[in-house]
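K.L.:
Below is a structure I'd like to ask you about.
No lab work stands behind these numbers, since they all come straight from the coordinates. Given the structure is predicted, the values throughout are model-derived calculations rather than measurements. Because the Cβ atoms are built from the backbone with ideal geometry, glycine has one as well, and the counts that use them run over all protein chains shown.
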Amino acid sequence: MKKLLLIGLALCMVLMTVAVISAVAQDSSTVNGYVSDSMCGAKGAAAGHDACTKKCLDKGAKMVVVTDADKKILTVDNPDALTGHEGHHVAVTGKVTGDSIHINGVKML
């Protein structure tokens, strides 16, 4: 009887872990686009625009990602995650909420 109870408990723990991992994975999505600033927006979503993006960010503009698919501008909640990628074409993984994104990972394209 004790063995059956322990096996049942272990099975419940494994299923609960799988459910939590699945829920976390569904919250994040990957978006391809350019890292730009809120002043230039979609105009800054081009190769070679990194110097202008850095300059605008230094003036107080917010960091954004301009999506490739529909040119949607997503404000970055945690801009430190994209430091060094200003003006670059990237694939960012994170949670999109409305017109903002919280970055969990970034990969150069």
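K.L.:
Residues of the range 93-109 being β-branched (Val, Ile, Thr) and either closer than 13 Å to Ala81 by Cα or in contact with a Ser or Thr (Cβ under 7 Å, 6 or more places away or on another chain) (or both), which ones?
P.N.:
Those that are β-branched (Val, Ile, Thr) and either closer than 13 Å to Ala81 by Cα or in contact with a Ser or Thr (Cβ under 7 Å, 6 or more places away or on another chain) (or both): Thr93, Val96, Ile101, Ile103, Val106.
K.L.:
Right, another one. I'd like to check something: does the range 32-48 contain any residue that is assigned to a helix (DSSP H, G or I) and touching an Asp or Glu at 6+ places or on another chain (Cβ under 7 Å)?
P.N.:
Checked against the condition, which is being assigned to a helix (DSSP H, G or I) and touching an Asp or Glu at 6+ places or on another chain (Cβ under 7 Å), the range 32-48 yields at least one hit.
K.L.:
What is the number of the single condition among (1) part of a helix (DSSP H, G or I); (2) over 11 Å from the mean Cα position of the chain (by Cα) that Ala81 does not meet?
P.N.:
Every listed condition holds for Ala81 apart from (2).
K.L.:
Looking at Ile103, Ile7, which is the one that is touching a Pro at 6+ places or on another chain (Cβ under 9 Å) and either part of a helix (DSSP H, G or I) or not polar (S, T, N, Q) (or both)?
P.N.:
The unique qualifying residue is Ile103.
K.L.:
Sticking with this one: Any residue in the range 37-51 that is of a type outside the set (A, V, I, L, M, F, W, C) sitting within a Cβ distance under 6 Å of a residue that is part of a loop (DSSP other than H, G, I, E, B)? List the pairs, counting only those 6 or more apart or interchain.
P.N.:
Here the result reads Asp37/Ala61; Ser38/Ala61; Ser38/Lys62; His49/Gly87; Asp50/Glu86; Asp50/Gly87, each pair linking the range 37-51 to a residue that is part of a loop (DSSP other than H, G, I, E, B).
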